[in-house]
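Have a look at the structure below, then the notes.
Derivation of every value follows stated rules applied to the coordinates shown; laboratory data play no part. As the structure is a prediction and not an experimental result, all values here were calculated from the model. Methodologically, a virtual Cβ is constructed for each residue, glycine included, from the backbone with ideal geometry; neighbour enumeration extends over all protein chains shown.
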Amino acid sequence: MARFLIAAAHKSSGKTVISTGLAGALAARGNRVQCFKKGPDYIDPMWLAAASGRPCYNLDFNTMVSGEFTALMCARANDADVAMIEANKGLFDGVDLHGSDSNAALAVRTKTPVILVIDTNGMTRGIAPLLQGYRAFDPDVNIAGVILNKVGGPRHEGKLRAAVETYTDIPVIGAVGRNRKLDIGERHLGLTTPSETAHLDAKISEIAEIIGSSVDLDLLLNIAATAPNVPVIPRNAPKPIYQGMRIAIARDKAFGFYYADDLERFAELGAELIPFNALTDSALPDCDGLFIGGGFPETQMQALAANHALRADIKRAIDAGLPAYAECGGLMYLCDAMRWQDERHPMCGVVPADAVMHKRPQGRGYVEYTATQAHPWGAGGMTKAHEFHYARLENLPDTVTFARNLTRGAGIDGQHDALVINNLVAGFCHLRNTTDNPWVDRFLGFVNACRTA
């Protein structure tokens, strides 16, 4: 499996735009490109999936056990010509002081050569000691190439190349100039999503053309081809035991934070995901269960509120006992109302509280919790997840029932997360279906139990 990992010295170096451009440029040449993203992230994988034409998968130390990285990579990149992993933050950054969860550790564990993207703004000869230091810090990391980003012009590029070539043996495989056409809009949670981007195909083609003409793609593929083989771990396909089960899932501009392999797990178990648009559809599709993931419902408050029929139908269904699961933005949508920027709009009225947006994150990072006895489909052991929300629930009664006791993270009140209302579980935590937390299997098992009761 030819592969490479795009990393940087620090966050906001432009590696997502570089990665999107590389995926698009390689795909335009006829290569089947399989993308992966390190860490818990939804938006960057959307861009990588749009550019490559294939789903992008996350590799996360927090939720995945040893062996799951290579198993997922081998399974999803089996028919690809090249695999690309986009790092998060800097190459050596992570929660653990010793770097066990860093991008560098991922590169070593998966035996993947690293292409380092350097933001060269205000830098010339200083790039050499930076690269020397990164090379020396962990000799097990194969820094196989560097891409100079945000280069000021030919003179600036010449100085940078001379410094790298004189003081290091790391090849410069590309130099990308400053270009407003490479800008992707940002907001409070990071980049804007592809679904919000006008003329998406043209935008990605433009980024791919610029990056593709600035990087030596043949040299990049040659470096990727040097990656040693990794053991292929056989994976037993599950039995589709829930044939005929229908799960309604919100897929629109407000809700789109879903892990690709989580969704694939539904299909593997026989369940059909039926998408609906919370902005335009007047009723839920015929379904046995409901799943509303995260997203940006605050940016679509008016349209969500204006869809009176769907809001009423969702409340009716949950009140009647429809098994449902909601994460973060989904939780906010199910509240009595949503407030942001001096506006308040009614929502579904299932959760007795207002979801109020704040200027600063109210919960951000890794989460650990144990399920309470009230959780209708949770396991009793410690579960790892993540959260990233600017919202808080206000006016929540003291009599509510929680499904999770937190040992790390903010959740809903700093100690608990996930409200249990009838057959609904709704919280701020984002789950990942893994060996340690097969939440999709458990949720579908609960839906099936409700269906056959």
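Taking Cβ separations below 4.7 Å as the criterion for a possible disulfide partner, the isolated cysteines in the chain are 74, 287, 328, 335, 348, 429, 450. Rg/Rh, computed from the Cα trace of the stretch 132-240 with Rh as the Kirkwood radius, has the value 1.08. Taking 0.36 nm per residue of separation and subtracting the Cα-Cα distance, what length does fully extending residue 364 through residue 453 add? Roughly 28.2 nm would be gained on extension.
Step through the table entries 253/359; 150/181; 11/38; 315/384, compare each Cα-Cα distance with 23 Å, and write down the pairs that go over it. In this structure, 315/384 lie more than 23 Å apart at Cα. Of 156, 430, 199, 345, the sequence from fewest to most neighbouring Cβ atoms within 10 angstrom is 199, 345, 156, 430.
For the stretch 38-130, the spread of Cα coordinates along the three principal axes comes to 42, 32, 23 Å, biggest extent given first.
For 259, 390, 42, which order do you get if you count the other beta carbons within 10 Å of each Cβ and list the fewest first?
On the way: 259 25, 390 17, 42 21.
With the fewest neighbours first, 259, 390, 42 line up as 390, 42, 259.
Placing unit charges on the Cβ atoms of the charged side chains and taking the dipole of the chain about its Cα centre, the candidate lying farthest along the positive direction among 18, 312, 257 is 18. Counting only Cα atoms, the stretch 3-225 measures 42, 41, 36 Å along its principal axes, largest extent leading. The phi-based Karplus calculation (6.51 cos²θ - 1.76 cosθ + 1.60; θ = phi - 60°) puts the 3J(HN,Hα) values of the stretch 208-222 at 4, 5, 5, 5, x, 7, 9, 10, 7, 5, 5, 5, 4, 5, 5 Hz, whole numbers, x for Gly and Pro.
Sorted ascending by nearby beta carbons within 10 Å, beginning with the fewest, 108, 17 become 108, 17. Within the stretch 289-365, DSSP assigns beta bridges of which about 35% are antiparallel (rounded to the nearest 5).
Computed from the C-alpha gyration tensor, the three semi-axes of the ellipsoid equivalent to the chain are 40, 23, 21 Å, from longest to shortest. For the stretch 94-126, backbone nitrogen atoms closer than 18 Å to the point 7 Å from residue 235 Cα along Cα-to-C-beta are found at 110-111. Only one residue of 323, 395, 443 has its Cα farthest out toward the positive end of the dipole of the stretch 246-452, where Lys and Arg carry +1 and Asp and Glu -1 on Cβ, and that residue is 395. Between residue 195 and residue 399, the simple spin-label model (points 7 angstrom out along Cα→Cβ) gives 3.6 nm. Helix content alone sets the calculated 222 nm mean residue ellipticity of the chain: runs of n ≥ 4 DSSP H residues at -39500 (n - 2.57) each, divided across all residues, give -9000 deg cm²/dmol.
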